1. Among the residues of the range 280-311, count how many are away from the ligand (no atom under 16 Å from the Cβ) and surrounded by 15 or more Cβ atoms within 10 Å (Cβ to Cβ).
2. Can you name the residue in the range 344-371 that is within 16 Å of the ligand (Cβ to nearest atom) and of a type in the set (Gly, Ala, Ser) and is also farthest from residue 87 (Cα to Cα) among such residues?
3. Taking only the range 374-387 into account, find how many residues are within 12 Å of the ligand (Cβ to nearest atom), within 27 Å of residue 327 (Cβ to Cβ) and touching a residue at least 60 places away in the same chain (Cβ under 8 Å).
4. Anything in the range 107-126 that is closer than 17 Å to residue 146 by Cα and in contact with a helix residue (DSSP H, G or I) (Cβ under 9 Å, 6 or more places away or on another chain)? List them, or say none.
5. Restricting attention to the range 220-235, and to residues there that are more than 17 Å from residue 174 (Cα to Cα) and over 33 Å from the mean Cα position of the chain (by Cα), which single residue is surrounded by the fewest Cβ atoms within 10 Å (Cβ to Cβ)?
6. Between a residue in the range 115-134 that is within 20 Å of residue 350 (Cα to Cα) and more than 16 Å from the ligand (Cβ to nearest atom) and any residue that is among the hydroxyl-bearing types (Ser, Thr, Tyr) and in a strand (DSSP E or B), which pairs come within a Cβ distance under 6 Å, given they are 6 or more apart or on different chains?
7. Out of all the residues in the range 236-275, which are assigned to a loop (DSSP other than H, G, I, E, B), crowded, with 16+ Cβ neighbours inside 10 Å and within 33 Å of the chain's Cα centre (by Cα)?
8. Can you name every residue in the range 173-210 that is surrounded by fewer than 20 Cβ atoms within 10 Å (Cβ to Cβ) and among the polar types (S, T, N, Q)?
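The values are calculated or read from the model by the stated rules, or taken from the named source; none is laboratory data. Keep in mind that what you see is a predicted model, and the values were worked out from it rather than measured. Glycine also receives a Cβ, built like all others from the backbone with ideal geometry; neighbour counts cover every protein chain displayed.
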Amino acid sequence: MPTADAFESQRLRRDSSLDADRADLYGGLNVIAPPKHLIDPSRNFEFNPNNTMVTDPVSSDATSSYEGDSSQVTTPLSTPSTVTSSDFAFAFDIDGVLVRGGQPIPEAVQAMKYINGENPYGVKVPYVFLTNGGGKSEEERCADLSRQLEMEICPGQFICGHTPMREMAEQYNTVLVVGGEGEKCRGVAEGYGFKNVITPGDIIKTRNDTTPWRRLTDEENENSRKIDLENTQIEAIFVFADSRDWAGDQQIILDILMTVEGKLGTRSEVFNEGPPCFFSHNDVIWSTSHEHSRIGMGALKTSLEAVYNAITGKDLNTFAFGKPQMSTFTFATKLLQDWRQDSHGIDKPPSTVYFIGDTPESDIRGTNEFNNKSEIDWYSILVKTGVWQDKTIPRYPPRKICDNVYDAIKFAIEREQQKSINSGTTIQNIQKKREGLQN
Ligand SMILES: [Mg+2]
């Protein structure tokens, strides 16, 4: 396990070396205009077709582009203009960072205002959300988060644990979908394009001795569908969200895993012929309103593997999406690229993405490992408002620890500002150079 000293030395070493690399990797300009169609008509932005700089001529004299400069954040102007940084971005975990127990963390609303321009530099920074949570459609989850954070959040900024499962709808026709409230995950799966979605409720309704101690409620019975147990072949199992009934859901998943190729009327003799089983993430614990972390989907996955081994003597190979999987961070990189392009007109990658999370095992591990293979500097920040307990050494050390999300984004923006000052490319400096040339 890394020591605090090792953590600090790693952080210092990486900071200096990465800064040097970035200057070589990414030239170009620091702030950028949103596409004209996305500009608030109440503000008179001047759009530079070279996608190099945005300024607000109403509130600032800086109306031209500054080609050839490479600063990252503007310095405060006498009357701050709102500018969007093209050189860095944020990615947020949600539970334990912005929201806890369904309520916004106190500093979260303030933090989002800060990142949207209410800061001393008048800078806006593009951002996306990367949560292992799920159980609702991306659209519904964005509506919840918009309400909690008092701002508009678009599905184009949002990845939840099961979002990558969308890519598998073409591959599997008949699937078992587990977890979440009521019928919501069936709806999400059908929205992803899965053609024949079966739930544990369907199986219990068809044969109620499948789960000896579980009976469907009237509502569940109403919503569940009878199926042909003898002639149904489950091609894959997807655990979309946390199970509300571990015993019943595990029984049904185990039954299917022990079939021959998912055919419900069969039982394998070798116990390695079942369909694949996918989980939307592997977080063993997560942060809720309770003072101690609660067990989650990763705990169910661990339990299922142990029970499968106890019954069959065979190891069960399951698959998990979500953080810390590299595929999820690759997905997030693409999402961020699309979001920056579509909403801000930025057509180059950021030099740095600050990832703010509360769980060392998923948020920090994933960010650090992805950083090792990414041309973009993925910079991990751990906050104290969720799973990780202060005064313990994180199992996967972040490059920075902050009290909360507000402190984290202030740290990141100040860090970027300091880099700009060091390179002499702040907006103020650029303005002074231009004025000198004109005189
Ligand atoms: Mg979290």
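1. Going through the range 280-311 one residue at a time, the tally reaches 6.
2. Per the criteria, the residue is 362.
3. Result for the range 374-387: 3.
4. In the first step, residues of the range 107-126 are kept if they are closer than 17 Å to residue 146 by Cα; the result is 107-116, 126.
107, 108, 109, 110, 111, 112, 114, 115, 126 - these are the residues of the range 107-126 that are closer than 17 Å to residue 146 by Cα and in contact with a helix residue (DSSP H, G or I) (Cβ under 9 Å, 6 or more places away or on another chain).
5. 222
6. 123/85; 124/84; 125/85
7. Selection gives 240, 241, 242, 243, 245, 262, 274, 275.
8. 173, 174, 196, 206, 208, 210
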